[in-house]
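Quick notes on the structure that follows.
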Amino acid sequence: MTIVCEDLKIIKGIANSNIALLKYWGKSDVMKNIPDMPSISINLANLNSYVELKTDITKQLILNDKPIDNHTYARWNRVYKAISSKELNQIDLGINANNNFPTSAGLASSASGMAAMTVALNQYYGLNLTMSEMSRVASKGSASAARSIHGGFVETVISKGQSSDMHAEQLVDENYWKLSILICVTDSSKKKVSSSEGMQLSKKTSELYDSWVRLSKNIISDGRQALLAKDFEKLSFYTELSCMCMHAVMMTTRPELYYWNPTTLRIITLAKELRKKGIPVTFTIDAGPQVKLITEPDFTKSIEDALNEIDGIEKVIESSIGEGAYCESF
Ligand code: 2P0
C-alpha cells in the first residue's frame, strides 16, 4: 500500500454530524451494518468531529482526551480494516479524535467521527477514494456515518443479496434549501442504551417492527418528493411521521426504550403551537432526549425566544446545513 504522506506530522479529518429527517431504525445485517430501510438526512454545519492521525506516535487511540473503550475500539477497527486490511492493533499511527458537542447523547457523534476518520485515513494511505467509496467505508463504523461524508441533503443506498452493502449519496447540496436547525439539548449525558443495541432489541421484540419497515419505505419516497419540491409543510408531515413511528417502535420494544424526558415533550408541544401561529417549524428526535427543530432562517430568532420560556433546556445549538467531510494536513 502506498503511503503518500510520510513527511507529514498530522493529518486531520473533519466531518459534521447529521440528522435524519426520514429515519432508519433496525438492521438487516448487524455485522455488515446494513439498515433495513433507507434514510434521508441533513448535514449539520456546527456539530463537528475532528480526527487527527499523528504520524510521529503509534498505537495511541484517544477519544475526547481519554483512551478509547472496547466498544469504540470495535467501531474504529472496522473502519481501519476496511481501509488498510489490517487490524487496528497493528496501526503505526496515533489517533486523536474530538467532538465539539456531546458524545453518545443522540447527536450522531459516531456518524461524524467515523466519517472524519475515513477521510483522514484515505488521505494518509493515498487511496483517492470517491465520496461514495468513502461513504461505504464509513458505514462500517456506523451506518449513519455513511451520510456524514456528504454535505447537504443525503440519502442512503442499500443493496441487498449476497454482496449486500450500503453507502450514501448526496441528493442536493447545502445551498439547495437554506434551512436553520436548532438543536435543543435537554440532557447531555450518555444514553443508557446505544442505537446499535436498541435497534437489535426493537427488531426482535417490537410488534410494530414489520409495519415500520413497510411504512418507512413510503415515508422516504413521499418525503423525498416534498424535499425536492421545497414544500416545507409536506416535509414537516413526513419528518414528524417518521420520527413518531420510530419512537413508537422504540417504546414498544421490550424492555421499552423511552429516550424522551419531560422537556422533550414540552418542546414538541411548543413546535406545534408555533406552527399554529404560522411559523414554519418541524421537529425530530433521535435515540436521546434532544429535540432538533428545523425552520427557515428568518424564523430562527422568534423560535429561540420561545425556547427561552421553556424549563429544562441545557443549551440550544444553532446550525445551518453543512458541507461534506474533508481533510487538512500540516
Ligand atoms: C437515523 N439513528 O436514521 C437513526 C434514527 C438514530 C435514530 O442512525 O449502530 O449511528 O452505529 O450503525 O447508524 C443512529 O444509529 O448506529 C441512527 P450504528 P447509527 O439517524
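The values are calculated or read from the model by the stated rules, or taken from the named source; none is laboratory data. The structure presented is a predicted model; accordingly, all values stated were derived computationally and were not measured. Please note: Cβ atoms are built from the backbone with ideal geometry, for glycine as well, and neighbour counts cover all protein chains shown. Side chains are part of the model used for accessible areas, which takes the heavy atoms of the whole protein and leaves out ligands, DNA and RNA. Shrake-Rupley method; radii C 1.70, N 1.55, O 1.52, S 1.80 Å.
Take 142-150, 179-187 and order them by the average number of nearby Cβ atoms within 10 Å per residue, most first; the result is 142-150, 179-187. Taking each residue as 0.36 nm, the span from Ser164 to Asp298 lengthens on full extension beyond its C-alpha to C-alpha distance by 43.9 nm. Here the peptides 298-308, 77-87, 316-326 are ranked by packing, the mean other Cβ count within 10 Å, and the order with the highest first is 316-326, 77-87, 298-308.
Projecting label points 7 angstrom from Cα along Cα→Cβ for Asn98 and Thr130 puts them 3.5 nm apart. Probing with 1.4 Å while keeping every protein chain in the model, the per residue accessible area of the chain equals 43 Å². Distance between the pseudo-spin-label points of Glu273 and Ser211 (7 Å out from Cα toward the beta carbon): 3.1 nm.
Using C-alpha pairs below 8 Å separated by at least 6 residues, the relative contact order for the chain is 25 percent. Neighbours of Tyr80, meaning other residues whose beta-carbon lies under 13 angstrom from its beta-carbon, give a summed charge of +4 when Lys and Arg score +1 and Asp and Glu score -1. Placing one identical point scatterer on every Cα of the chain and ignoring solvent, what is log10 I(q)/I(0) from the Debye formula at q = 0.08, 0.09, 0.13, 0.16 Å⁻¹? These q points yield log10 I(q)/I(0) values of -0.35, -0.44, -0.93, -1.38. Region 20-76 and region 134-149 have their alpha-carbon centroids 8 Å apart. Put simply, when 163-171, 115-123 are sorted by average Cβ atoms within 10 angstrom per residue, most first, you get 115-123, 163-171. Between Tyr326 and His71, the distance separating the two model label sites (each 7 Å from Cα on the Cα→Cβ line) works out to 3.3 nm.
Measuring max minus min along each principal axis, the C-alpha atoms of region 180-320 give extents of 44, 36, 24 Å (largest first).
Note on region 1-146: the alpha carbon radius of gyration divided by the globular reference 2.2 N^0.38 Å gives 0.99.
To the nearest Å, what is the center-to-center distance of region 211-254 and region 281-303, using C-alpha atoms only? Rounded to whole Å, the Cα centres lie 16 Å apart.
Summing charges over neighbours of Lys59, with a neighbour being any other residue whose Cβ is under 13 Å away from its Cβ, gives -1 when K and R count +1 and D and E count -1.
Scanning residues 5 or more positions from Leu61 or on other chains, those with amide H under 5 Å from its amide H are Ile68, Ile95, with H placed 1.01 Å from N in the peptide plane.
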